[in-house]
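Visitor: My structure is below; once you've seen it, I'll send some questions.
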Amino acid sequence: QTNEAGDGIEFWDDRDGYLNHLYTDFTSDSYKNDSNFVRAICYTNKAVTALNIHIRRKIYGKRDVAQFEKGENLIVDKSIVKNMGKYSKVLYDVGERLRVKKVDKYVDDESGIEFWNLRVENYEADPKDRYKGVIKVVTKESEWKYHVELKEISDRCKTKIRNGYSKKDAWTPYFQFKDEWAWVKYAYATTTHKAQGSTFERAYVIERDLNKLTWNDDERNRLKYVAFTRPSKLLRILH
């Protein structure tokens with residue numbers, strides 16, 4: 001039950017009504033001013049992907065939303081590294097949140113890979129640790145080209161090993177290529193696993209998705225506990 005201020009717990013069976021509240025919160029001034037105002041929490045990546053698509057359409061007010069938009073908040077999925085010859089420097093850690101400041105799209109002349117060139121900032125970091133950088137993200141349409149190129153580089157590296165190169169020298173091009181690209185995800189909906197340790201003012205938990213974990217009752221209940229304890233003020237649960 002919620003109090004007069006609207007804080008507490010609400011249980012929903014009406015999916016459409018539930019989602020209307022969710023979309024309203026994501027398009028509110030409260031969310032614009034605080035990206036941790038609201039988050040949707042699911043169990044499966046499929047549910048997360050579907051929710052992110054619909055939430056982004058509501059936020060940007062159009063059906064055909066670009067893969068990335070200016071002002072968008074993202075989560076680092078794999079550490080983003082800058083290759084510095086003999087050394088590598090981690091620019092952004094896994095789980096770090098980035099805000100997109102500028103969006104461009106290019107095609108790599110050598111590989112033909114189409115990519116997004118994103119100017120970003122780790123906006124939640126301590127001011128002294130904030131870093132405005134540029135990251136390259138492969139477009140969805142070019143991911144297959146990326147994997148083909150990576151496989152070809154890997155095969156060349158294996159050939160070098162057979163020809164007497166040291167492992168370090170042989171595999172350097174492989175890791176240089178991998179470090180060139182960033183992997184990020186949207187920050188609207190998330191899995192229960194990824195939500196651990198985070199706190200949001202409001203959380204929308206899709207319990208019917210969590211109930212798909214049927215092979216381990218203890219694990220399912222543990223994940224529900226994690227999901228249900230993420231909000232500081234309002235928890236809405238869809239049965």
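The values are calculated or read from the model by the stated rules, or taken from the named source; none is laboratory data. Not measured: the values here are computed from a predicted model. Glycine also receives a Cβ, built like all others from the backbone with ideal geometry; neighbour counts cover every protein chain displayed. Each accessible area value is taken on the protein alone, full model and side chains, heavy atoms only, with ligands, DNA and RNA left out. Shrake-Rupley method; radii C 1.70, N 1.55, O 1.52, S 1.80 Å.
Visitor: Students often get this wrong, so check it: of K89/K178; K86/K128; K105/K145; K145/K167, which have C-alpha atoms separated by over 18 Å? Display every interim value, and only then the final one.
Guide: Working: K89/K178 14 Å; K86/K128 27 Å; K105/K145 16 Å; K145/K167 25 Å.
Pairs exceeding the cut-off: K86/K128; K145/K167.
Visitor: Here's something else I'd like to know. Restricting to DSSP loop positions (anything but H, G, I, E, B) with no more than 14 other Cβ atoms inside 10 Å of their own Cβ, which trypsin sites (Lys or Arg not before Pro) remain in segment 27-116? Can you show the working numbers first?
Guide: Details: sites: K32, R39, K46, R56, R57, K58, K62, R63, K70, K78, K82, K86, K89, R97, R99, K101, K102, K105; in loops: K62, R63, K70, K78, K86.
For trypsin sites (Lys or Arg not before Pro) across segment 27-116 that sit outside H, G, I, E and B with at most 14 neighbouring Cβ atoms in 10 Å, the list reads K62, R63, K70, K78, K86.
Visitor: For K46, list the aspartates and glutamates whose Cα falls under 20 Å from its own Cα; do not include residues on the same chain fewer than 8 positions away.
Guide: D16, D64, D77, E141, E143, E207, D209, E219
Visitor: Oh, and also: Counting other Cβ atoms within 10 Å, keep those with at most 12, restrict to DSSP loop, and tell me which GluC sites (Glu not before Pro) in segment 97-177 are left. Don't skip to the end; give the middle numbers.
Guide: Details: sites: E110, E114, E121, E124, E141, E143, E149, E152; in loops: E110, E124.
Qualifying residues, ordered by number: E110.
Visitor: Accessible area of segment 77-157 with a 1.4 Å probe: how many percent of it is carbon plus sulfur? Spell out each step's value before the answer.
Guide: Details: 2430 of 5070 Å².
Here carbon and sulfur together make up 48 percent of the probe-accessible area.
Visitor: Related question: Distance from the Cα centre of segment 76-121 to that of segment 146-164, in angstrom?
Guide: 23 Å
Visitor: Here's a follow-up. Just to confirm, what accessible area per residue do you get for the chain at 1.4 Å probe, in whole Å²? Numbers along the way, then the final one.
Guide: Values: 13880 Å² over 239 residues.
With the other protein chains kept in place, the chain gives 58 Å² per residue.
Visitor: Put a dot 7 Å past each Cα toward the Cβ at N33 and S79; how far apart are the dots in nm?
Guide: Using points 7 Å along Cα→Cβ, the separation is 3.8 nm.
Visitor: Let me ask something else. Place a point 7 Å from the Cα of N216 along the Cα-to-Cβ direction; which residues of segment 29-59 have their backbone N under 19 Å from it?
Guide: Counting backbone N atoms under 19 Å from the label point, the list is 42-46.
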